[in-house]
């Protein structure tokens with residue numbers, strides 16, 4: 001195994017171990033907000049590790065494709081986490097927070113009534 | 001090298017199985033959304049492992065498609081679908 005293959009296998013293995021860790025975290029954590037933590041870790045770091053392994057082994061074109069996906073995930077993962085977290089918070093899911101500043105802001109701003117939704 | 005790839009594929013399989021458990025058991029829709037997000041990334045990993053094993057760089061285009069699909073589906077479910085009983 002050449003040095004490149006060793007480095008690539010280390011990256012691949014750590015990426016898949018992180019995937020198992022995130023899945024276990026998803027199972028054991030109590031409510032949506034903490035499960036979100038486990039899921040979004042994998043979205044960027046998991047792809048960076050697995051993609052890095054693939055880029056090392058493949059040609060420059062492969063590395064470019066992997067870089068494209070990694071940049072895309074790095075841009076969209078936070079947006080997804082924020083959206084899911086806000087929807088879960090607004091639906092009052094999970095055990096009550098010890099201190100909840102957002103609730104006051106949400107109730108104050110009249111966002112509660114969903115009349116604007118055409119659904 | 002093939003041993004590493006098989007171990008990686010096995011670990012990704014275990015991760016996908018655990019995510020499916022959360023997907024089935026998740027009490028609320030939001031849990032299922034998070035589980036689906038995780039499943040998309042595990043599938044991306046699967047595609048990467050398959051592309052490396054088969055030494056076919058062209059398969060990596062699938063990554064972009066699947067990542068975009070995962071993102072758009074979650075956003076659309078959140079925007080239109082999720083109405084939890086208050």
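The values are calculated or read from the model by the stated rules, or taken from the named source; none is laboratory data. Since we're looking at a predicted model, the values are computed, not measured. No Cβ is skipped: glycine too gets one built from the backbone with ideal geometry, and neighbour counts run over all protein chains shown.
Only one of the numbered conditions (1) modelled with pLDDT of 90 or more; (2) more than 24 Å from residue A:74 (Cβ to Cβ) is violated by residue B:51, and that is (2). Within the range A:76-101, being under 30 Å from residue A:47 (Cβ atoms), at the interface with chain B (Cβ under 8 Å from one of its Cβ atoms) and at pLDDT below 85 holds for A:87, A:88, A:91, A:93.
Pull up the range B:2-20, narrow it to residues that are over 15 Å from residue A:14 (Cα atoms) and touching a helix residue (DSSP H, G or I) at 6+ places or on another chain (Cβ under 6 Å), then point me to the one that is surrounded by the fewest Cβ atoms within 10 Å (Cβ to Cβ).
The selected residue is B:16.
Here are some conditions: (1) under 20 Å from residue A:8 (Cβ atoms); (2) more than 7 Å from chain A (Cβ to nearest Cβ). Residue B:51 meets all but one. Which one does it not meet? Of (1) under 20 Å from residue A:8 (Cβ atoms); (2) more than 7 Å from chain A (Cβ to nearest Cβ), only one is false for residue B:51: (2).
Anything in the range A:27-52 that is in a helix (DSSP H, G or I) and more than 7 Å from chain B (Cβ to nearest Cβ)? List them, or say none.
A:28, A:33, A:34, A:37, A:38, A:40, A:41, A:44, A:45, A:48, A:49, A:52
Only residues that are more than 8 Å from every other protein chain (Cβ to nearest Cβ) and more than 16 Å from the chain's Cα centre (by Cα) were counted across the range B:1-25, and they come to 4. Checked against (1) surrounded by fewer than 17 Cβ atoms within 10 Å (Cβ to Cβ); (2) under 14 Å from the mean Cα position of the chain (by Cα), residue B:35 meets all criteria but (1).
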